[in-house]
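The values are calculated or read from the model by the stated rules, or taken from the named source; none is laboratory data. Predicted, not measured: the structure shown is a model, and the values here were computed from it. All Cβ positions, glycine included, derive from the backbone under ideal geometry; neighbour counts span all protein chains shown.
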Amino acid sequence: MKNFKLIYIFSILGLFLTSCDPSVESPGESDASFVTYLPLITLEGGDVTLDCDASTYTDPGAVASAGGNEIELFTSVNGIYFGGNTVDGPDTYSITYSAFNDDEIPAAGFRTVIWPACNGDLVNSIAGMYTASILRTATSGATVNYTTRAFGPYFIIDLGGGVYQLSDAIGGFYEYGYGYGPDYAATGLTVTANNIATNDFTHDDVIGVGAFGGSLNMTDFSVNPVTKTIEFATDWSFGYVFEVTLTQVQ
């Protein structure tokens, strides 16, 4: 019993001496402490809508910082419907500002710039800004036909030489009607005006419907300068026909 007590006492004493020994590190003592400052993007101003006859656009920019110190800012531009990487003509543009702190943690800010197309008189030019109403009809099966309200903004831009490009060859049906966004717009379709007054147009492009793909072609295109409307139809290989009515925005 006496031996047991001596062992117990020496064990406690050894633990005490060890805990006081400065050469023995406490758990976590060697771990360095770091402070990470998250990056912050501060935009100069908000979204921008230009006049249709603007000649240039100067972006107000943004400032990137971390911990109160300015850091490198990266800027990219994406033309939503017509694909430009600079703001240089009619389109809706998404400008992205991004930055990274020392730990490569990202931050981003966004600005939308709308450069409208100037309205033509629908006699000499069909360029301009419109709203679009769409009737989607199933060419087979039991899918119910679907009619939308007016969506916009909708662009027709003048490429020169009588050639015009539409922002969405299905009128914004999936972008606006279903809320899927511009990745589901049927972009890239052009129409050649041989004689607008007599509704003589050439439209032989075949394009896809955004992220859905497939093949879409235009089957009809006509203009009414009195009502300031354009009507066209497109046929999609996925089994739908889109009848679109564009109404010029005054």
By my count, strands (runs of 3 or more DSSP E) wholly in segment 194-250 with at least 3 residues that are surrounded by 15 or more Cβ atoms within 10 Å (Cβ to Cβ) and hydrophobic (A, V, I, L, M, F, W, C) are 213-224, 229-236, 240-248
Does Gly188 satisfy the condition of being at pLDDT below 95, of a type outside the set (A, V, I, L, M, F, W, C) and buried (at least 16 other Cβ atoms within 10 Å of the Cβ)?
no
Residue pairs within 7 Å by beta carbon, gap of at least six or interchain, first lying in segment 189-202 and of a type in the set (D, E, K, R), second modelled with pLDDT of 95 or more, listed first then second, are Asp200/Asn194
Which members of segment 169-179 meet the condition of being farther than 12 Å from Val209 by Cα and in contact (Cβ under 8 Å) with a residue 24 or more places away in the chain?
Tyr176, Gly177
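Listed here are the residues, each with its yes/no results for (1) under 30 Å from Phe74 (Cβ atoms); (2) not assigned by the TED database to the domain that holds His203.
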| residue | (1), (2) |
| --- | --- |
| Val123 | no, yes |
| Tyr146 | no, no |
| Gly152 | no, no |
| Asp183 | yes, no |
Among the residues of segment 111-126, is any without any contact (Cβ under 8 Å) to a residue 40 or more places away in the chain and within 17 Å of Ile41 (Cβ to Cβ)?
no
Subset tally (residues that are under 14 Å from Gly61 (Cα atoms) and β-branched (Val, Ile, Thr)) for segment 80-107
4
Has segment 140-155 got at least one residue that is modelled with pLDDT of 95 or more and within 23 Å of Gly89 (Cβ to Cβ)?
yes
If I filter segment 147-168 for residues that are in a loop (DSSP other than H, G, I, E, B), touching a strand residue (DSSP E or B) at 6+ places or on another chain (Cβ under 9 Å) and crowded, with 20+ Cβ neighbours inside 10 Å, do I get at least one hit?
yes
Among all residue pairs at least 6 apart or on different chains, which show Cβ distances below 8 Å where the first residue, located in segment 68-79, is closer than 12 Å to Ile41 by Cβ and the second is β-branched (Val, Ile, Thr) and surrounded by 10 or more Cβ atoms within 10 Å (Cβ to Cβ)?
Glu70/Val63; Leu73/Ile41; Leu73/Val63; Thr75/Ile95; Thr75/Thr96
Hits in segment 22-69 (condition: of a type in the set (Val, Ile, Thr), modelled with pLDDT under 95 and more than 19 Å from Ala107 (Cα to Cα)):
Val24
